[in-house]
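A quick write-up on the structure given underneath.
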Amino acid sequence: MKSTDLCLSSPGAEVVLATSSDEKYPPENIIDGSSETFWTTTGMFPQEFIISFHKCVKISKLTIQCYLVRSLRIEKSLSKDPVAFEVCIEKDLQYTEGALQTEEFSLPEFQATYLRFIIKSAFDHFVSVHTVTAEGVAENI
């Protein structure tokens, strides 16, 4: 089976929670497939967002494009609802002067129905998240 980006809104992924929102930079921008659009936080940390796949998926690689994120934790859940999350990755990101941070996480393949991204701290008062991609396949359950 061909691996695809499971986070794109077109196959049914959805941002079901974001701890801050600005109507000019909504959280849906994270999964629209464009690095030109983004979601921005409102200054306090931690901030988080949850992506729902609405079915079980197998993920082998995660990539995030963001700006000014200092510390990030990514969690997964297999529950029917966005609860019972387990930590996948916790990482301090490098500061990139005037450029997007692109972090790629190649992982042992895992299953998830939800991914939660927690921005624990930042290099400034605000951060932006431009894209999240999850390479993998949808399960036939």
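The values are calculated or read from the model by the stated rules, or taken from the named source; none is laboratory data. No experiment lies behind these values; they were computed from the predicted model shown. Positions of Cβ are backbone-derived with ideal geometry, glycine not excepted, and every protein chain shown enters the neighbour counts. Ligands, DNA and RNA are stripped out before the accessible areas are found, and what is left, the full protein with its side chains, is counted by its heavy atoms. Shrake-Rupley method; radii C 1.70, N 1.55, O 1.52, S 1.80 Å.
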task = Can you tell me which residue within region 93-141, out of those that are in contact with a Lys or Arg (Cβ under 7 Å, 6 or more places away or on another chain) and either more than 24 Å from residue 53 (Cβ to Cβ) or of a type in the set (Gly, Ala, Ser) (or both), is modelled with the lowest pLDDT?
result = 138
remark   = Checked region 40-58 for anything at pLDDT 95 or above, part of a strand (DSSP E or B) and more than 11 Å from the chain's Cα centre (by Cα); matches are 40, 47
remark   = Taking region 34-59 and the residues there that are open to solvent by less than 30 Å² (accessible area, probe 1.4 Å) and hydrophobic (A, V, I, L, M, F, W, C), the one that is nearest to residue 119 (Cα to Cα) would be 49
key: Filter result (of a type in the set (A, V, I, L, M) and either loosely packed, with under 15 Cβ neighbours inside 10 Å or modelled with pLDDT of 95 or more (or both)) within region 1-22   = 1, 15, 16, 17, 18
ask   = Which one of the conditions (1) within 15 Å of the chain's Cα centre (by Cα); (2) at pLDDT 90 or above does residue 25 fail to meet, given that it meets all the rest?
value = (1)
note = Among the residues of region 86-141, the number that are among the hydrophobic types (A, V, I, L, M, F, W, C), open to solvent by less than 80 Å² (accessible area, probe 1.4 Å), in a loop (DSSP other than H, G, I, E, B) and touching a strand residue (DSSP E or B) at 6+ places or on another chain (Cβ under 7 Å) is 4
In region 102-134, residue nearest to residue 22 (Cα to Cα) [restricted to those that are among the hydroxyl-bearing types (Ser, Thr, Tyr) and touching a residue at least 40 places away in the same chain (Cβ under 8 Å)] = 128
query = Looking at (1) farther than 13 Å from residue 129 by Cα; (2) in contact with a strand residue (DSSP E or B) (Cβ under 8 Å, 6 or more places away or on another chain); (3) open to solvent by 20 Å² or more (accessible area, probe 1.4 Å), can you tell me which one residue 77 breaks?
reply = (3)
